[in-house]
1. If ligands, DNA and RNA are left out, what is the accessible area of D:Leu119 with a 1.4 Å probe, given in Å² to the nearest 10?
2. Quantify, in whole percent, the carbon and sulfur part of the accessible surface of chain A (1.4 Å probe; protein heavy atoms only).
3. At a 1.4 Å probe, what is the % contribution of carbon and sulfur to the accessible area of the range B:12-206?
4. Indicate, rounded to the nearest 5 percent, the antiparallel portion of the DSSP beta bridges found entirely in the protein assembly as shown.
5. Which whole DSSP H helices in chain B pass both tests: a Cα extent of 18 Å or more along the axis and a mean Kyte-Doolittle value no lower than 1.0?
6. Evaluate the distance, in nm, between pseudo-label points positioned 7 Å from the Cα of B:Ala129 and of C:Ala214 along their respective Cα→Cβ axes.
7. For chain D, what does the helix formula give at 222 nm: sum of -39500 (n - 2.57) over DSSP H segments with n ≥ 4, over the residue count, nearest 500 deg cm²/dmol?
8. Please name the residues of the range C:75-100 whose accessible area, counted over protein heavy atoms with a 1.4 angstrom probe, falls by no less than 20 Å² between the chain alone and the full protein assembly.
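The values are calculated or read from the model by the stated rules, or taken from the named source; none is laboratory data. All figures in this text were calculated on a predicted structure; none of them were measured in a lab. Cβ atoms come from the backbone with ideal geometry, glycine included; neighbour counts cover every protein chain shown. Heavy atoms of the whole protein, side chains included, go into the accessibility calculation; ligands, DNA and RNA do not. Shrake-Rupley method; radii C 1.70, N 1.55, O 1.52, S 1.80 Å.
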Amino acid sequence: MILEVSRLELAYGHTRAVKGIDLAVAAGQVVCLIGANGAGKTSILRGISGLLRSCRGVIRFDGRDISHLPAHEIAAAGIVQVPEGRQVFASLSVAENLRLGAFLVPHGAELTRRLGAVLGRFPVLAKKLGVAAGLLSGGEQQMVALGRALMAEPRVLLLDEPSMGLAPMLVEQIFSIIADLKREGRTILLVEQNAEAALEIADYAYVLESGRVSLSGPAAEIAHDPAVIGAYLGRR
Amino acid sequence: MPIWLDDFLWTYQTLIHSLGINGLLALSMYVVLAVGQLSLGQAAFMGLGAYTGALLSLHTGLPFALVLAGSAVVPVLAAAAVGLPTLRLTGVYLAIATIGLGEVLRVIYVNAEITGGALGLGGIPGRSATWIILLLLAGALGGVWLVGRSRFGRAMEAMRGDQTAAAVIGVNVPAYHLGALLASAALAGVAGALSAHSSTFISPDDYAFEAAVTILSFAILGGIGSPLGPVVGALVLTLLPELLRPLHDFRGVFNGLIIVLVVLFLPRGILPWPMTRLRKPL
Amino acid sequence: MFAQQLANGLVLGATYALFALGFTLMVGVLRVINLTYGFYFTLGALVALAGCRDLGLSLWLALPLGMLAAGLAAVIIDTALLTPLRRARAPELASLMVTLGAVLLLYSVLSMGLGTEIRRFPLGTLPAGAVMLGEVRLGAAQILIVVTTLVMVLGLWVLLSRTRLGLALRAVAENPDAASLMAISVPRMVMATSLLSGVLAGAAGVLIGLNQNAIQPYMGETMMLRGFAVIIIGGLGDVRGAVAAGLVLGVAEVMAAGYIDSMVKDGVAFTLMVLVLWLKPAGLLGRARVTRA
Amino acid sequence: MTALLEVSRASKQYRGLAAVDDVSFTVEAGRVHGLIGPNGAGKTTLFNLISGLVPLDEGNILFEGRDIAPLPIHARAGLGIARTFQNIRIFEDMTVLETVAAGAHARLSAPFWHCLLGLPRSRAEERRVAAEALEALEFVGLADRAQTRAGDLAYGEQRRLEIARGLASRPRLLLLDEPAAGMNPHETADLACLLRRVCERGVTLLLVEHDMGFIMTLCCRLTVLNFGRRIACGTPQEVRTNPAVIEAYLGTKAAARLAARAGREEGWQ
């Protein structure tokens, strides 16, 4: 297991958002977290990436305890999060946004190679390198956010609601990008409101309910669980 | 009046006056903080009130009530000039503009002839009777309390929470900002006139930066849950240096420290309880 | 006559720009109006003065010493007071208030320790001569100020727009959380900003102290009024705007003193500030931030 | 049917970029009208123009026949326009009951002097407001949370609180900005049910939403925006099959899914 979370508890002020969660992600897997809003999905990602300090529990990355590392060291270690709502640096240009993704790489050939790879994946961005990211459309901003994360060549990618607020057409596009990443053998922990599409793409899934795991298993099985169908898939 | 009470009042008159005046100043600060703004011009408004009141008393034969009214009007005009352009901006702008006001007024006091220059004005008649000060404080506290408990107070609390959402439910945010600033300037002006007619001597240094910070420290220490908070804050910070004499010489250090410590460790002040307006009807 | 006035105005404006440079950086990157900024200005001047007078150092040693002291003080104060508020995500007025309390505390301690009398740099700290450019006469301190301001403005511009550190600073200014996801250490960037601002304040303190040759604890406080005017006129956190606003303010003050009355000079900053608030609240250059819902 | 809201040739630019470009549409009284389009198409900007958060560059907005473009934000609330926000904006430190009472602000009339002096009229009004606020809370199902701090409510509850706050002003028009965002299908269905009841009370709804199923079942008419321009307007059926909408917004897959779903629903009837 490349990423292992055990008995994790997280809180905002006095409200406990996550009440003792165990989960594991194997290398090359896509694992998804689904659940209602307020179930703690985003909190878990923020806990793993260090934006939210854990109150209890252990997060292991390659067997090393990272629960007490600050966010930038976790990112440097190779766990990179694409935050909810994209959060591109709106006043910086697309090129600068992408450069920041590989912040730790000094100048040189390596940087050029990574930029080339990302622009190859998102050709739309190549034409907009000089444009302030805040002026792009929502779908393009999501590509900047994804491209920025890929610039770091992360060992684990945390995706927080990548389809949120996007047009149905763009949602399809984003999921096809995630599918590509999966084929390339990347490790992804995905939080998604769109449970149907998430379960289709994932290898393994966890269902969260008010801060606890209520169900977990291979995604294909979860997708056929009657309770999940009723509550999250909205299939008639 | 029984003799002991008379004695008591005589002995502690200065202290009681400053308690009342500082209470009014704290309330004037509260009124601005209650709409989510920060004014650092309370000392400037106080100074304008003090100079206006003193000059009216020295050069005209107006009754004290009219002198006080005049000392409320002049700071209100200054507040309008500084406040109007900043109403639609974030609180930081008002804070900066009002600090500037204090500095500019100081330059004027020091340079103008009628204000007595850097030496200040002396010989102001001691017209601030104890009962006038306490009555005005009680009236102001009662009024602010009642407004705070009404729909206006609710609108103010809403603005403090989220200005945009408050506007969308129909709160005229700029009008509230202006109203609060003007009311606070009037209160500070009256407090200034009362203090001028209590100490009988004023000088530009009385209304400088340190005074502005001191007034803020009253409100911060007390907390702005209800108007009682700032008044209690003023009480504590006026009495403490009297009780602990050494504090007197370290006032700047002490008041600065109070603000730092309270903001960091007690952000809701020593009286954090909010006013209750509505209870769930049974 | 007019040329000399203009030159004096520009030199004065350069001092304002120099003073406001670090202040603008703090406002822009740290998103807080830090009222203790004037204190670092005072501290830089006092330390350099002590270096020159009591240790007999040359100005070229005393200047960096003053800058360093101011920078360190800025880092310490920011870490002690503002870091906890940032961590608690306190509202911006809370940060403003804490620095207000702190600055009163710091000045009170300083003036209790040193007294409020005016101190002067020893004679001969700077060469006494002056340079004539046509009819315009410039003293050594004035030339030093103009040159330093130019170097620092240019340096800051290169740092922010051409270096990796500058890019990281701009990212932190815009969104600290997202920046930390880019493996940028936000606390380190905050410290770097404080250090840099403090160093700039210290440099301004030493040079302006030399030019006016009247140093006392509250000199930073007096200067802050100009600092506020500059950041409002230039637009909050806008470095280019601050430089332009500083020059405008300096020229306006000298002209007002020369052609109206010397008493008017101290009111110019405030008047310009209120005018800008009325007419162009985003600042003279008015570059609104690019954001999108 | 009469037009409650008439947006005509509205335009708004940000730094030379047209966020809303010459958009016209009409919302009829008593209906649920949907506003859809890709992210960045200008839907929220249009909401901000209608509620007055940003000024209009060109065009006008008529509400009950009256041009409201020059009115400040708070005055529009007084006329009967209420709204919710995409990123919930509640008053965290207020109680739930107070929040809803604050929503009634525009309707209250006790003069300042009455409040300042604590006269009976203002107190009577406060009692009435409390009762009405509680009733609004019952309507959205939050009555038992009346004394809770608003910031302590769960996410879905906060969304309903925002709706209750909007209803407290007795609006004629309620603007809802992505009310179903972040809700699971179950909660979304409950919300649709709630909104239908709101509509039955005579409140006209204009809503922005990405959940197409939700939009299709709830709305009578849709306006579709793309890059700030109106690209289609009509019944859900018309919009769903409009080639321009499929190309710019829905994509072929989603359109097919919606068609299948509509077919199924027709089969039911």
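1. It works out to around 60 Å².
2. Of the solvent-accessible surface of chain A, carbon and sulfur hold 52 percent.
3. About 68 percent, which is the carbon plus sulfur part of the accessible surface.
4. Numbers: 50 of 84 bridges.
In the protein assembly as shown, approximately 60 percent of DSSP beta bridges are antiparallel ones.
5. Counting only whole DSSP H runs, the qualifying helices are B:13-33, B:64-86, B:91-111, B:130-149, B:173-199, B:209-222, B:228-243, B:251-265.
6. The answer from the label model is 4.7 nm.
7. Only helices count here, giving -12500 deg cm²/dmol.
8. Buried by 20 Å² or more upon assembly, which counts only protein chains, are C:Leu81, C:Leu85, C:Glu92, C:Leu93, C:Leu96, C:Met97, C:Val98, C:Leu100.
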